[in-house]
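Only one structure is covered here, and it is reproduced in the block below.
No lab work stands behind these numbers, since they all come straight from the coordinates. The structure presented is a predicted model; accordingly, all values stated were derived computationally and were not measured. Here the Cβ is made from the backbone with ideal geometry for all residues, glycine too, and neighbour counts use every protein chain on show.
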Amino acid sequence: MNYCGLNQTSNEINRAAEKGTHKTVNNGILEIGGVSCEKLVSACGTPLFVYDEAAIEEQLRSYKEHFRSDNFETEIIYASKSFTCIAMLQLLKKYGFGLDVVSGGELHIAAHADFPMDHVYFHGNNKTWDELELALNLGCKTIIVDNDMECRMLVDIAERMKKPVNVMIRVNPGVTAHTHKYIITGDMDSKFGVALNDENLILGMIGLLQSSRYLSFEGLHAHIGSQIFDLRAYDALIERMIKRIKKLITEHKIEIKALDLGGGFGVRYTEDDKPKSIREVCQRIIAKCEAELKANDLCLHKLMIEPGRSIAAEAGYTLYRVGFMKRTPNVSYLFVDGGMTDNIRKALYDALYECDLANKMGLKKSVKYTVAGKCCESGDILIENVMLPEAEPGDILVVYGTGAYCYSMASNYNRLNKPAVVFVKDGKARIVIKRESYTDQLRFETDKEVIV
Ligand SMILES: Cc1ncc(COP(=O)(O)O)c(C=O)c1O
């Protein structure tokens with residue numbers, strides 16, 4: 001048994017061990033969670049999403065351990081848009097996480113998994129009447145309102161339904177962060193949230209919420225971006241939010257119980273990504289909040305964060321079968337049996353990934369390939385210019401770090417079936433989402449007259 005792979009550096013091996021991942025190589029075959037990738041694809045087919053359950057649990061434990069304060073309550077709210085299914089929701093329940101949902105569909109699966117609704121937070125910039133009604137009917141505890149029209153609609157719905165609900169207001173703090181850069185902008189043109197510096201609008205919304213017998217205004221929410229490495233972005237965010245909270249409390253006598261700082265913590269997709277550990281992220285945020293609260297002579301009842309990617313991404317792998325290969329004057333293409341339908345992130349954001357041939361882990365990487373999918377789009381490329389061993393049809397290509405925003409963004413473009421998802425742990429595998437079939441895709445085909 002050769003632990004942690006022939007191609008890994010000792011730093012990577014240490015990091016893998018630290019993160020609780022169980023990625024090993026046995027006779028040149030990659031094993032995840034003690035299960036051979038060859039056996040996984042024989043049993044479950046390809047493309048296949050594989051989640052290392054122990055790695056997810058390690059992230060969950062780490063957040064629970066480090067996002068704590070003696071001065072205020074804390075809650076870690078998982079952003080279910082990054083990846084959700086009933087098995088994932090059960091893990092989140094087990095570790096006492098909250099849940100961020102953004103649609104009736106995400107609410108529905110949470111209810112189906114018996115997720116405690118007093119820990120569900122409903123986000124989104126354009127929730128419909130039906131979705132808000134569903135949230136109140138299910139007993140969802142907190143709605144994050146995104147704009148003043150939604151605020152009025154929610155007041156109306158709560159009055160009609162006579163259902164109580166907590167409300168937070170999403171603000172746009174003018175701090176924008178993406179990957180290695182963060183900027184403080186005067187730019188208030190985001191589609192999300194109300195401008196933090198638009199005091200009148202915020203006061204108007206709070207007044208409206210407070211006028212309802214059923215709504216309880218809890219506090220403010222912000223989310224400044226994704227795949228953020230520079231933690232100074234969160235320092236800037238905290239300073240701005242606490243300054244505004246101070247003003248609302250002291251000048252306008254408004255009670256602010258909770259502050260939610262959103263998610264966005266960076267992960268490692270390639271060797272160029274150097275994310276901070278969950279411990280560092282949490283300790284930095286907690287310390288900054290404690291310091292700013294103290295400096296402003298304020299108390300906060302509760303502080304929340306909403307990580308998604310940093311819990312799911314690195315625990316996930318996609319396995320494909322290699323099909324045809326083709327050489328053009330400048331490119332050696334290696335085609336796989338999935339593509340932008342199971343991973344749209346390269347096409348959407350030019351996202352970078354690393355990969356290996358999971359059945360040829362020890363072999364010399366002698367050929368530079370461009371890995372392309374099978375969809376009818378020139379942009380259906382997964383990874384460009386990657387060194388791999390000489391490939392043959394039938395090899396298994398593994399793409400690392402596909403646990404977040406891949407399955408959840410999967411589509412049926414070209415009528416491809418969505419892949420299956422398996423969780424692996426301690427040498428055992430279980431299917432948690434079945435592979436779609438062509439018959440599944442015909443479920444909604446009909447020919448019925450509409451009475452208009
Ligand atoms: C409001 C909100 N919270 C949390 C997240 C999760 O972000 P990440 O997956 O980068 O942690 C998102 C992602 O878009 C978001 O929009």
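Key figures for this structure:
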| quantity | calculated |
| --- | --- |
| Kirkwood estimate for region 217-371, i.e. one over the average of 1/r between Cα atoms, Å | 19.1 |
| Magnitude of the charge dipole, the chain, Cβ model with Lys/Arg +1 and Asp/Glu -1, debye to 20 | 520 |
| Neighbour-count ranking [beta-carbon atoms within 10 angstrom, fewest first] of HIS178, HIS221, HIS301, HIS112 | HIS112, HIS301, HIS178, HIS221 |
| At 1.306 mPa s and 10 °C, Stokes diffusion of region 54-312 via Kirkwood alpha-carbon radius, µm² per second | 86 |
| Share of Cα-Cα pairs in the chain lying beyond 37 Å, as whole percent | 30 |
| Sequence ranges 195-206, 93-104, ranked by mean other-Cβ count within 10 angstrom, highest first | 93-104, 195-206 |
| More than 16 angstrom apart: percent of Cα pairs within region 196-278 | 60 |
| Relative pair counts by distance (%), Cα atoms of region 70-165, 10 Å bins | 16, 49, 28, 7, 0 |
| Whole-number percent relative contact order across the chain, with pairs defined as alpha carbons under 8 Å at least 6 apart | 19 |
| Unit charges at the beta carbon, dipole of the chain: most positive-side option, VAL50, LEU201, MET241 | VAL50 |
| Percentage relative contact order, region 199-305, counting C-alpha pairs under 8 Å, at least six apart | 33 |
| Ellipticity estimate at 222 nm from DSSP helix runs (n ≥ 4, -39,500 (n - 2.57)) divided over the chain, nearest 500 | -9000 deg cm²/dmol |
| Relative compactness, region 151-291, computed as alpha-carbon Rg over 2.2 N^0.38 Å | 1.17 |
| For region 231-310, the fraction of alpha-carbon pairs in successive 5 Å shells from zero, as % | 3, 14, 25, 22, 14, 10, 6, 4, 2, 1 |
| Rule-of-thumb Rg ratio for region 301-452 [Cα; 2.2 N^0.38 Å; N residues] | 1.23 |
| Percent of beta bridges antiparallel (DSSP, region 54-312, rounded to nearest 5) | 10 |
